[in-house]
1. Once every DSSP H run of n ≥ 4 in the chain is given -39500 (n - 2.57) and the sum is divided by its residues, what mean residue ellipticity at 222 nm do you get, rounded to the nearest 500 deg cm²/dmol?
2. Which value in Å is the Kirkwood Rh of the chain over different Cα pairs?
3. Using the 10 angstrom Cβ neighbour count as an exposure proxy, how do 89, 21 rank, fewest first?
4. Check each of the chymotrypsin sites (Phe, Trp or Tyr not before Pro) in the stretch 16-72 and keep only those in coil by DSSP with at most 13 other C-beta atoms within 10 angstrom; list them in order.
5. For the pair residue 64/residue 18, report the inter-label distance in nm, with labels modelled 7 Å from Cα in the Cβ direction.
6. As a footprinting exposure proxy, order 53, 101 by other Cβ within 10 Å, with the fewest listed first.
Amino acid sequence: EIEAAVAGLEGLCAARSEASTAEVYRLASRILDLAGFFDTGPLFDAAYSLADVADRMATADAWDWPPVQVHVQALRLILKAGCERNAATDHLLAGLKAVAVKTRA
């Protein structure tokens, strides 16, 4: 189910439809719901960051796909790495934090 949500996000990023912005938030929230039941460490953190960024951009009517794309790519990498927290995932999460801060500006 997490895999399906990440794949759905990848499809939305490829299409970049204005109508799909709410779906980005929905899928990120779905990953959060599922990740909360398992020890997914960095996957949960990345999904939370994506949901936060998507919500802020939608609320401000300032949608921008590149921050979403970066988050989705990070989700995929973390998923492929088995959701293990290590130096690489810590680096990814630090990058996502910087992206999130930039979207708030």
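1. It lands at -25500 deg cm²/dmol.
2. 13.4 Å
3. Starting with the residue having the fewest Cβ neighbours, the order is 21, 89.
4. Those that pass, being in a loop and sparsely packed, are 37, 38.
5. 1.8 nm
6. Starting with the residue having the fewest Cβ neighbours, the order is 101, 53.
Throughout, read-outs are computed from the coordinates displayed, never taken from laboratory work. Nothing here was measured: the structure is a model prediction, and the numbers come from that model. Counting neighbours? That spans all protein chains shown, and the Cβs are built from the backbone with ideal geometry, glycine included.
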